[in-house]
Each structure stands twice: as C-alpha cells, then as structure tokens.
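A short reminder: the numbers here are calculations on the coordinates, not readings from a lab. All figures in this text were calculated on a predicted structure; none of them were measured in a lab. Cβ coordinates were reconstructed from backbone atoms using ideal geometry, including for glycine residues, and neighbour counts include every protein chain displayed.
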Amino acid sequence: MLPLFALGACASLPTPRSSDLKDGAEVTGAGLGGALSSPLKDVNVVRDEIPAVLLEAAKGPYARPNPLTCGRITSLLLPLNGALGPDVDEMKVHTESLGEQGGEAALDAIADFASSVIPYRGWVRRLSGAESHQKRMRAAISAGEVRRAYLKGLGEQLRCAPPAAPARKKAATKK
C-alpha cells in the first residue's frame with residue numbers, strides 16, 4: 001500500500017522544466033562551499049565574522065543619534081542594511097522555481113551529511129567555542145534588527161523619507 005501512495009505522490013509533482021534544472025544547479029553550485037564547510041564551522045576552524053556595525057548596535061541599540069537628523073539616521077541605517085540585508089519594508093517578493101527549491105534542498109542535505117561526520121557534534125561545538133560564537137552572532141543580528149527598527153521609528157517621527165523611515169506602499173486610489 002505504501003509504495004502505491006509514494007508513486008501517487010510522485011505523479012502529482014510538477015515536471016521540472018530545463019530552466020528549473022539550471023536554476024537548481026546554479027543554487028547548488030553557488031552554495032556548495034558553504035555546505036561543505038559546515039564541519040569546519042563546528043570545530044571553530046572557520047567562523048563567520050560578526051560585522052562591526054552589528055557589534056556596535058549590540059552596545060546600544062536604543063542610543064539616540066547625535067545630531068538627530070534625517071541625514072544622520074540614514075548614515076546609521078545604510079551600514080545596518082548592508083550587514084542585515086533589506087528590511088521588511090524593502091523586501092521584494094521572490095518566488096523560487098522548482099529547480100531553486102531543489103538546489104537549496106540538496107545543499108541542506110549536503111550540510112547535514114557533512115555535519116553528521118563529526119561524532120558528538122554538540123559537545124565538539126561547545127568545547128571548540130563554535131556554539132558560543134554562534135550565540136554571539138545571533139545576539140548581534142538581533143541587536144542590529146532592533147537598532148534598525150528604532151532608527152526608522154525616530155525617522156518616521158521626524159517625517160524623514162526612506163531609508164531613514166519605513167517605506168510606505170502607496171494606496172490605490174478609488175475613482
């Protein structure tokens with residue numbers, strides 16, 4: 001019974017186009033180095049550096065800019081955007097092709113397999129310092145996101161234009 005169910009599930013999947021397969025190969029090829037470096041991150045040989053702007057944000061996410069001007073807020077926001085990527089109000093909707101989804105799934109599987117090579121991985125991460133570094137990285141990212149939101153709130157209060165304030169979508173007008 002189970003094999004018939006599995007065959008039925010496969011039959012219901014869309015057939016990949018050649019462009020989907022190309023997208024999947026590009027995604028997999030671009031991220032292969034990162035997936036294979038997963039064990040090196042676990043033993044703290046390779047580590048992602050925490051951007052200085054995020055470390056600075058962690059020191060004072062609610063520090064008021066001086067002077068409190070739209071220009072100053074913008075100058076503080078741009079490096080945060082560079083480190084964190086676009087803010088929620090600036091994101092563009094991107095639908096992934098079937099190939100891109102497959103490529104990302106393959107990278108996840110490779111990273112999982114590469115990480116599983118290390119016995120007692122949790123302990124290795126703790127003893128090597130990789131786990132504490134990852135916690136510092138997450139805390140810095142969180143502080144950077146809070147800082148960006150705080151600065152945009154100040155910018156909105158001052159009636160600044162984006163990027164010093166949230167980008168607003170224009171409402172459709174009725175005729």
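Overview of results
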{"item": "Stretchable slack from V146 to L127, in nm (0.36 nm times residue separation minus alpha-carbon distance)", "result": "3.8 nm"}
{"item": "Among 126-133, 140-147, the order from most to least packed when residues are scored by Cβ within 10 Å on average", "result": "140-147, 126-133"}
{"item": "Length added when fully stretched, A63-R138, from 0.36 nm per residue minus Cα-Cα", "result": "25.0 nm"}
{"item": "Formal net charge of residues neighbouring I141 (Cβ-Cβ distance under 14 Å; K, R +1; D, E -1)", "result": "0"}
{"item": "Separation of the A109 and A52 label points, Cα + 7 Å toward Cβ, nm", "result": "4.3"}
